[in-house]
Structure formats: C-alpha cells, structure tokens
Amino acid sequence: MTTKILIATTNTGKVREIRALVKDLPIDCIHLNDPEFPDLQDLPPAPEEGATFDEIARAKVRYYGDLIGLPTIAEDAGLTIPALGGWPGVRSARLAKTDAERIAKVLERMKGRPSDDWSAAFVSVAAFFDPVTDALETFPGVCQGTLIEEPRGKSGFGYDPIFWHPGYGRTMAELTTAEKNLVSHRGQSFRALARWLKEYFEPA
C-alpha cells in the first residue's frame, strides 16, 4: 500500500533530490507546485519561524501537515560561513530574490578576505510530521567545503555553483544528482529520514 506524502517545497531541485532518496519506499510524493494538485499552489506559505534550521523545519512541517492533513516532509537548509559568524545561515534563501543575486551578495562579502576565511558548510535539517499520529522527527546533515570566487556548473541550485567539494574536486553544481546525494547535507538528512520512514511505514 502506498502512502501519499507532501514534500513541502516549491523548489523543483529539492523535489528531484528528495524523490531520488526515497524512491524505494512505499510512498507517493507530491509537492507544492505539483501540476496534478493545483490547489496546493494556492496554500498560504508557512511563516519562517525560528532562529535555527531545526526550529524552522519543525514549524514548517507542522504547519503544512496540519493544513492539508497528510504526512509531510519539510526541510530547512542554508549556507554557513564561519568567518562571517555563520552568515547567511537561516537567511540563506531570503538573502535575495534569485540564486544569482544571492551568490553575488555572498561573493561581495567575501571579497578581499584571506583564503582561510573561505571555508563554508551547507547545513540541512529534514523534518517529518504525521498529523494523524502527531509523530515529528528531524534529521540533520552537514557538508563541509570551500567557497570559490567564480560560479561553476549548471546542475545545482542555490549556492551550489560557488561551493567547492574537496572530495570531488568540483563544485556542487558540477555534480550529477547521484553524486551530489552521496555527500550533500540534504543527502545525509534524507538518507537518515528514509531509514526512519522505512521503519515507520513498514514496521517489523
């Protein structure tokens, strides 16, 4: 039996990555921009409440789960730069209107800084909420890397084009979805979530 689950995002890149990570589970994932469910596109957006990725993910997943009455997956993630006190952090997605503008703002802040300051990390917290059972779990993930001065690659989204992964020797935007999921913050979060969901939906 397949369970319908909402992925509470309008970001098609996130949807693609999440679906790849949970494809072996008995669930049918829909999302907020799903053409088969146009009413989802009219839902009021979740308020961005919380000072941490975990707090925001919890608020977001409970908001959408309660709103539509389906088990829901949500995530909050962003770029953190230790040399800038963790900025942009939870403001990563709201830094500007487009990915290009967000990248430009980060590179402007980094201009002239020594190489040691260019260390960065992607942080993700995936959350699951079932409004029927009130089960709510979160799963963190962290990917360490280094920022680069010029964007490279077309496959990713967000800050991927300026995030250099030392293991691959490429930016996250130069990786395939499969390669990225092996090392990314989101891959870590959702592999942990997928393992938990397997037990939740297929108990022994």
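Here are a few things to note about the model shown:
- Near pairs, Cβ below 6 angstrom, 6+ apart or cross-chain, from segment 17-40 (of a type outside the set (A, V, I, L, M) and loosely packed, with under 14 Cβ neighbours inside 10 Å) to any residue that is at pLDDT below 90 and not in a helix (DSSP H, G or I): PRO26/THR2; ASP28/THR2
- Condition check for GLU108: over 21 Å from THR52 (Cα atoms) and free of Cβ contacts under 8 Å to residues at least 12 places away in the same chain: yes
- Looking only at segment 134-155, residues that are surrounded by fewer than 21 Cβ atoms within 10 Å (Cβ to Cβ), in contact with a helix residue (DSSP H, G or I) (Cβ under 9 Å, 6 or more places away or on another chain) and either in contact (Cβ under 8 Å) with a residue 24 or more places away in the chain or of a type in the set (Ser, Thr, Tyr) (or both) come to 10 in all.
- The sole residue among ALA8, ALA20 that is under 24 Å from TRP196 (Cα atoms) and at pLDDT below 90 is ALA20.
- Checked against the criterion of being closer than 18 Å to ALA8 by Cα and part of a helix (DSSP H, G or I), the candidates ARG186, ARG109 yield just one match: ARG186.
Listed here are the residues, each with its yes/no results for (1) outside any loop (DSSP other than H, G, I, E, B); (2) more than 15 Å from LEU79 (Cα to Cα).
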position: PHE122; (1), (2): yes, no
position: PHE128; (1), (2): yes, yes
position: VAL132; (1), (2): no, yes
position: THR138; (1), (2): yes, yes
position: GLY167; (1), (2): no, yes
position: LEU182; (1), (2): yes, yes
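- Tally of residues being at pLDDT 95 or above, over 18 Å from the mean Cα position of the chain (by Cα) and among the charged types (D, E, K, R) across segment 33-88: 1
- Restricting attention to segment 121-150, the residues that are of a type in the set (Gly, Ala, Ser), more than 17 Å from ALA59 (Cα to Cα) and under 16 Å from the mean Cα position of the chain (by Cα) total 2.
- Residue selected from segment 66-88 under the condition among the small types (Gly, Ala, Ser) and touching a residue at least 24 places away in the same chain (Cβ under 8 Å), by the criterion surrounded by the fewest Cβ atoms within 10 Å (Cβ to Cβ): GLY69
- Any hit, segment 39-61, residues being in contact with a Pro (Cβ under 6 Å, 6 or more places away or on another chain) and either assigned to a loop (DSSP other than H, G, I, E, B) or on the phi < 0 side of the Ramachandran plot (or both): no
The values are calculated or read from the model by the stated rules, or taken from the named source; none is laboratory data. Quantities reported herein were computed from a predicted structural model and do not represent experimental measurements. Note that we place each Cβ from the backbone using ideal geometry, even for glycine, and neighbour counts take in every protein chain shown.
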